[in-house]
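Written out below as C-alpha cells is the structure these notes cover.
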Amino acid sequence: MTVRVGIPKGLLFYEYESFWRVFFESLGVEVIFSPDTNKDIMKNGLKLCEEEACLPVKIFHGHVLELADKVDMLFIPRIRSLHYREYYCPMICGLPEMVKNSVSLLPSVIDDTIDYYKHRYYKGGVVRMGLKISSDQSKIKKAYCKACKGLQNKNDYQKIPTDKNEKSYTIAIIGHTYNLTDHYMNMNLIKKIKGEGFQVLTSCMVSCGKTQPYLSKVPKRIFWSCGREILGAGLYYMHQQNIDGIIYVSCFGCGVDSLIEPYLSQQLKKVRPIPYLVISLDEHTGEAGLNTRLEAFLDMIRWRRSCANHISSYGGNLYSC
Ligand code: SF4
C-alpha cells in the first residue's frame, strides 16, 4: 500500500511546497495537502495552540489536525536556517515540538532538522528525511536533485514593472509570504485591492539581487531570513517611483514584524513620504474594520494624485514625480 505523507498548508509551505511535493512523490509516496485555511481550521488551531504564538502558527496547528487521521506520516520539518548567517524565527525552529506537545494522536512525524548555518549543506537534512521513507540512498539523492530543479524554476521571479503609469495606481504589499498567500487569514486583501482597479505588487516578487543594494546600507545585519526578505522588499519598493502606496501586512504576536515594521516606516518618511498602511491580522474575522481602512487608504491615494499634487501624507515635503 502506498504511504501517505501529509503536508500542512501553512507557514513555509507557501514557499517550498513544490520542492517537498516533488521530493516525496519521487520517493513513491502519496502527498496529501490540507485544504485552504477555513473557519474550522482556524478555530481548531486557536483551540490547540499556545496562547502566546502568532496567528500563522496557530493556524498551522489547525492544518495539522485536519491531516492527522488521514495520513501515515506528517511532514513538519525543523527548519532552523536556510541561508548563511541567518536563522528562521524561534516559532519556526521549534514548530515540530510545539505541534507534538499540542496535538494528541498524531501519526509519525518527519521532523528532521535543516540547519544551513551550521552545516552549510541542505542535502544532509533532506536525505535524513528521505530515509524515513526509503533505505535506497541513491533514490533519495535523485529525488533531492529533481526537487531542487523544481525550486529553481519557481525562483524565476516575475518581472516587476517600474514605469509610472498616470492612468493606474500601483500598491506594494509587503509581509510574510504566508500572510499574503493565505486568503482566509488576510480576508482576500489582494483581491479587494485589485477589485478597486489598483495594480498589486508583493514582497514575494522581489529577488535577493534587487533587495541587496538596499539591505547593505542598513546599519545592522538582519539575521532572521523572513525579516531580511520583508525589509529588503519594503526598501526596494519605496525607492520605485511607480509605487503609489505601501501596505505592510503584519500579524498579531510576531516578534519579527514588531522590529521590522517601525524601522521601515521611519525609512519611508525619510526616503519618500507616500501613503503607508499597516494591517495587523489577528484571529477576529470581522471584515468591516479592514474594509473601512482599506477604502480610506485607496481614496487617499486617488485624491493625492488628482487633487493634491502628491502632497506628503505626513504633512511634510512635496515631492515631484
Ligand atoms: S516570523 Fe512572525 S509570523 Fe512568522 S512564525 Fe515567526 S513569529 Fe510567527
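Points to keep in mind about this one:
Condition check ((1) within 16 Å of Phe75 (Cα to Cα); (2) within 20 Å of the chain's Cα centre (by Cα); (3) touching a residue at least 40 places away in the same chain (Cβ under 8 Å); (4) not in a loop (DSSP other than H, G, I, E, B)) across all residues:
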| site | (1), (2), (3), (4) |
| --- | --- |
| Met98 | yes, yes, yes, yes |
| Leu106 | yes, no, yes, no |
| Lys118 | no, no, no, yes |
| Gly124 | no, no, no, yes |
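- Of residues in region 81-94 being assigned to a helix (DSSP H, G or I) and within 16 Å of Tyr16 (Cα to Cα), the one nearest to the ligand (Cβ to nearest atom): Ile92
- Region 221-261, residues that are within 11 Å of the ligand (Cβ to nearest atom) and of a type in the set (Ser, Thr, Tyr): Ser225, Ser250, Ser258
- Of residues in region 195-239 being among the basic types (Lys, Arg) and outside any loop (DSSP other than H, G, I, E, B), the one farthest from Ser250 (Cα to Cα): Lys210
- Asn101 meets all of the listed conditions (1) polar (S, T, N, Q); (2) buried (at least 17 other Cβ atoms within 10 Å of the Cβ); (3) closer than 17 Å to Lys58 by Cα but one, namely (2).
- Candidate set: region 266-285, residues that are under 17 Å from the mean Cα position of the chain (by Cα) and within 21 Å of Leu298 (Cα to Cα); chosen: the one surrounded by the most Cβ atoms within 10 Å (Cβ to Cβ): Leu281
FYI, it's all coordinate maths here, none of it is from the lab. These numbers come from a predicted model, not from an experiment. Don't worry about glycine lacking a Cβ; one is built from the backbone with ideal geometry, like all the others, and counts go over all protein chains shown.
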